[in-house]
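Okay, structure first, notes after.
The values are calculated or read from the model by the stated rules, or taken from the named source; none is laboratory data. In this text, all values refer to a predicted model and were calculated from it rather than measured experimentally. Virtual Cβ from ideal backbone geometry, glycine too; neighbours counted across all protein chains shown. Quick note on the areas: whole protein, heavy atoms, side chains included, nothing else; ligands and nucleic acids left out. Shrake-Rupley method; radii C 1.70, N 1.55, O 1.52, S 1.80 Å.
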Amino acid sequence: MKAVEERKPLLEVRDIVKRFGGLVAVNRVSMEVYPGEVVALLGDNGAGKSTLIKVISGVYRPDEGRIFFEGKEVKIQNPMDAIRLGIETIYQDLALAENLNVYSNIFLGREKLKKWLGLVSVLDHDYMLEESRKILDRLGIEIASLKSKIKNLSGGQRQSVAISRSIYWNAKLLIMDEPTAALGVAEQRKVLDLIRTLREQGVAIIIISHQLYDVFQVADRMVVLRRGEKVGERLREETTPEEITSLIIGAELVEEDRRA
Ligand SMILES: Nc1ncnc2c1ncn2[C@@H]1O[C@H](COP(=O)(O)OP(=O)(O)OP(=O)(O)O)[C@@H](O)[C@H]1O
């Protein structure tokens, strides 16, 4: 078991509340994520998972609560604030440009320029290609040509390009929303391998997934939400899929909070 408790959390959210009109989507939820730790955020439809990650990634501002990152209190007012801190979110649409190649996507919006004849600025394709190759190699990702357009890649490869981009630009915390949902079995396995590689390299990960099998393969810790509230938190070694399922659906017998 990883001795995560003695380290300082990378992210700590404390008593987060987010309301939509009269509906309390997230109700006083607290959680921590440590460097190099994979935390799964679990819960049934409408439990509040997406809302909570949108608070962390700056899409929504919380109505109440505090957020600490690297030990300091931070105000995350918009997605750029989150990205500046090193919090990157991979949504299911991946936000890739389908008609551009792999390395152009890794540098999308942050292209590297060079001077041509000491006069005009032009794109430095060689640099971007080389840097992209390095980051993919570092993460053990296999894509034959980085000049391939995104639309010609498989779902798993696209996912890995989106992840590489975040890591290249120094993500410390990666939030992944259902990363394996749309993939075939072989590709799912590769994405899970990639998550393990990221963890080994010290990246912290929050993963939302309905696939408990996947979650048990990669998550160090699981946080379960129900109707906006945190109803349980378990280390993977100390729980079972049955117990987590009971927490998700609300079987009262296993609801006691073991940390109390
Ligand atoms: N923008 C919004 N405006 C109003 N209500 C919202 C909004 N976003 C979410 N909600 C409500 O907040 C509650 C939590 O939704 P949320 O999407 O966070 O759940 P979830 O756990 O991510 O569910 P799912 O697994 O279906 O994505 C739900 O009752 C939902 O209808």
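DSSP beta bridges in the chain, what fraction antiparallel, as a percent rounded to 5? Could you put the intermediate results ahead of the total?
Details: 26 of 43 bridges.
Bridges in the chain are about 60 percent antiparallel.
Peptides 34-45, 77-88, 141-152 ordered by packing proxy, namely the average of other Cβ atoms within 10 Å per residue, highest first: 34-45, 77-88, 141-152.
Kirkwood hydrodynamic radius, computed over distinct alpha-carbon pairs, for the chain: how many Å, to one decimal? Before the final figure, lay out the partial values.
Details: mean 1/r = 0.0517 Å⁻¹.
In the chain this quantity evaluates to 19.3 Å.
Between Rg and the Kirkwood Rh of region 130-244, both from Cα atoms, what is the Rg to Rh ratio? Please list the in-between numbers first.
Numbers: Rg = 15.3 Å, Rh = 15.3 Å.
In region 130-244, Rg relative to Rh is 1.00.
Solvent-accessible area of region 102-260 (1.4 angstrom probe, protein heavy atoms only): carbon and sulfur portion equals 52 percent. Between E142 and E98, the distance separating the two model label sites (each 7 Å from Cα on the Cα→Cβ line) works out to 2.7 nm. Considering only Cα atoms, the convex hull volume of region 55-132 works out to 142 Å³ per residue.
To put it simply, the accessible area of region 15-56 at a 1.4 Å probe is 43 percent carbon and sulfur.
Given the Cα-Cα distance of R133 and T240 and 0.36 nm per residue of separation, how much length would full extension add, in nm?
Details: separation 107, 0.36 × 107 = 38.52 nm, distance 3.92 nm.
Full extension of this stretch gives 34.6 nm more.
Computed extension gain for N152 through N78, at 0.36 nm per residue and net of the alpha carbon distance, reaches 23.4 nm.
D63 contributes an accessible area of around 80 Å² to the protein surface, as traced by a 1.4 Å probe with all chains present. Solvent exposure of the chain, expressed per residue, is 50 Å² of accessible area, with all protein chains present and a 1.4 angstrom probe.
Computed over the alpha carbons of region 42-88, Rg followed by Dmax gives 11.1, 32 Å.
Straight Cα distances below 25 angstrom link K72 to the lysines K2, K8, K18, K49, K54, K172, K230, with same-chain residues fewer than 8 positions distant left out. Scaled against 2.2 N^0.38 Å for its residue count N, the alpha carbon radius of gyration of region 42-189 is 1.19. Just grab the label-to-label distance for R28 and L119, each label 7 Å out from Cα along the Cβ direction, in nm (one decimal). Simple spin-label model gives 6.9 nm for this pair.
Evaluated at q = 0.16, 0.21, 0.33 Å⁻¹, a Debye calculation over the C-alpha positions of region 190-234 (equal weights, vacuum) places log10 I(q)/I(0) at -0.47, -0.75, -1.29.
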